[in-house]
Amino acid sequence: MNNLPKDDLPKNGLPKSAPVTSVLIVEDEESILLSLEFLLAKEGYAVTTARDGAAALRALQARPPDLALLDVMLPLIDGFELCRLIRENPALRGTRIMLVTARGREAEIARGMALGADAYLTKPFSTRELMDKVRALLGVPPPV
């Protein structure tokens, strides 16, 4: 149990003095990207965004995130390929990956997991479901 006063805990459950947890959101649909960015920033995460696979690779190389939320259907490099590239790069070994997509058939989920995704979330999803998965992947307890 954390002995810090509640005022010293941001919404993500980590002490304010703890390093900020970073999340890269890779999504080409503007409305979804903005919603995810707002939600995660509101929860206290440092958020970086990319709208296509090539921009995602640049962001990953510039500052490896703790978590990458990848849409599967992206321009230039799709989410499956990004997942594979992340898993092949030793510098990104600590990055957790969640595929977030409308493609929810069992074969696609199995493919994503086989490529190294840590979680798969099918659109549409609730914000609670998303945040529960984000917290679980990052080892952050749910808010009280």
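The values are calculated or read from the model by the stated rules, or taken from the named source; none is laboratory data. All values derive from a computational prediction rather than experimental measurement. Note that each Cβ is placed from the backbone with ideal geometry, even for glycine, and that neighbours are counted across all protein chains shown. With ligands, DNA and RNA removed, areas are computed over all heavy atoms of the protein, side chains included. Shrake-Rupley method; radii C 1.70, N 1.55, O 1.52, S 1.80 Å.
Alpha carbon centre of the stretch 92-144 versus the stretch 54-71: separation in Å?
One Cα centre to the other: 15 Å.
Would you grab the residues whose amide H sits under 5 Å from the one on residue 49? Only those 5+ places off in sequence or on another chain, please, with H modelled 1.01 Å from N.
Result for residue 49 returns 25.
Based on the alpha-carbon gyration tensor of the chain and its eigenvalue square roots a ≥ b ≥ c, which shape applies: rounded if a/c is under 1.5, prolate if not and a/b is larger than b/c, or oblate?
It is prolate, given that a/c is not under 1.5 and a/b is the larger ratio.
Residues with beta-carbon under 12 Å from that of residue 138, excluding residue 138: net charge, scoring Lys, Arg +1 and Asp, Glu -1?
-1
Quick one: net charge around residue 123, please, counting Lys, Arg +1 and Asp, Glu -1 for every other residue with C-beta under 14 Å from its C-beta.
Working: positive: 103, 105, 133; negative: 27, 28, 29, 71, 108, 129.
In short, -3.
Tell me, what % of the accessible area of the chain is carbon and sulfur with a 1.4 angstrom probe?
Ligands and nucleic acids excluded, carbon and sulfur reach 55 percent.
Would you mind getting the accessible area per residue of the chain, heavy atoms of the protein chains only, 1.4 Å probe, in Å²?
It amounts to 54 Å² per residue over the chain.
Quickly estimate the mean residue ellipticity at 222 nm for the chain, helices only: each DSSP H run with n ≥ 4 gives -39500 (n - 2.57), and the total goes over all residues, rounded to 500.
Rounded to the nearest 500, it is -11500 deg cm²/dmol.
Could you work out the relative contact order of the chain? I mean the mean sequence separation of Cα pairs under 8 Å and 6+ apart, divided by the number of residues, in percent. Spell out each step's value before the answer.
Numbers: 227 pairs, mean separation 29.8, N = 144.
Relative contact order, the chain: 21 percent.
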